[in-house]
């Protein structure tokens with residue numbers, strides 16, 4: 001197991017039609033790589049988010065994936081079902097992805113800037129995760145006004161603590 005330094009978001013590139021894709025992707029990756037996970041699956045990602053928001057796991061956190069060449073040992077990967085060159089993220093996927101990222105960025109001490117689309121990986125030559133999901137990722141990475149204010153307050157508090165320590169030892 002390795003330390004996580006980023007989270008990569010992928011798309012299945014299968015047009016959304018309401019059908020579950022977990023087993024279809026598992027079988028496709030078994031045929032393509034035959035690289036079983038510690039959990040007994042062949043899916044190359046750590047997680048898959050179905051169109052209805054259901055989150056399934058192929059690989060343990062920290063387990064080597066087959067998701068983003070060059071970073072398969074240092075990153076978590078999550079795939080959303082859909083072809084986001086044309087499809088839009090479903091409300092259910094949005095809720096699941098938001099909760100997933102909140103949990104994993106907190107757990108591994110990652111900043112929003114460490115959440116990336118597959119096309120941003122070191123050796124990627126792909127459109128994955130599609131333009132619509134990339135737009136979602138880019139919006140996610142921008143801090144909200146509240147987050148900006150929190151960061152300003154944290155700095156001011158740190159300055160006051162340092163001043164207090166200097167004055168009163």
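The values are calculated or read from the model by the stated rules, or taken from the named source; none is laboratory data. This is a predicted model, so every value here is computed, not measured. No Cβ is skipped: glycine too gets one built from the backbone with ideal geometry, and neighbour counts run over all protein chains shown.
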State the number of residues belonging to segment 35-80 that are touching a residue at least 60 places away in the same chain (Cβ under 8 Å) and not in a loop (DSSP other than H, G, I, E, B).
6
Of all the helices (runs of 4 or more DSSP H) wholly in segment 81-169, which have at least 3 residues that are surrounded by 10 or more Cβ atoms within 10 Å (Cβ to Cβ), modelled with pLDDT of 95 or more and under 12 Å from the mean Cα position of the chain (by Cα)?
91-108, 131-141
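Give segment 6-35 a look and list any residue that's surrounded by fewer than 13 Cβ atoms within 10 Å (Cβ to Cβ) and either closer than 20 Å to residue 71 by Cβ or at pLDDT 95 or above (or both), or say none. Don't jump to the end; show me each part of the working.
If we filter segment 6-35 for residues that are surrounded by fewer than 13 Cβ atoms within 10 Å (Cβ to Cβ), which is where we start, we get 15, 17-19, 23, 27, 31-34.
Hits for segment 6-35 are 23, 27, 31, 32, 33, 34.
Considering only segment 40-56, I want to know if a residue exists there that is out of contact with any strand residue (DSSP E or B) (no Cβ under 9 Å at 6 or more places or on another chain) and buried (at least 19 other Cβ atoms within 10 Å of the Cβ). Step through it out loud before you land on a result.
If we filter segment 40-56 for residues that are out of contact with any strand residue (DSSP E or B) (no Cβ under 9 Å at 6 or more places or on another chain), which is where we start, we get 40, 42, 52-53.
Next, only the ones that are buried (at least 19 other Cβ atoms within 10 Å of the Cβ) stay: 42.
Yes, because at least one residue in segment 40-56 is out of contact with any strand residue (DSSP E or B) (no Cβ under 9 Å at 6 or more places or on another chain) and buried (at least 19 other Cβ atoms within 10 Å of the Cβ).
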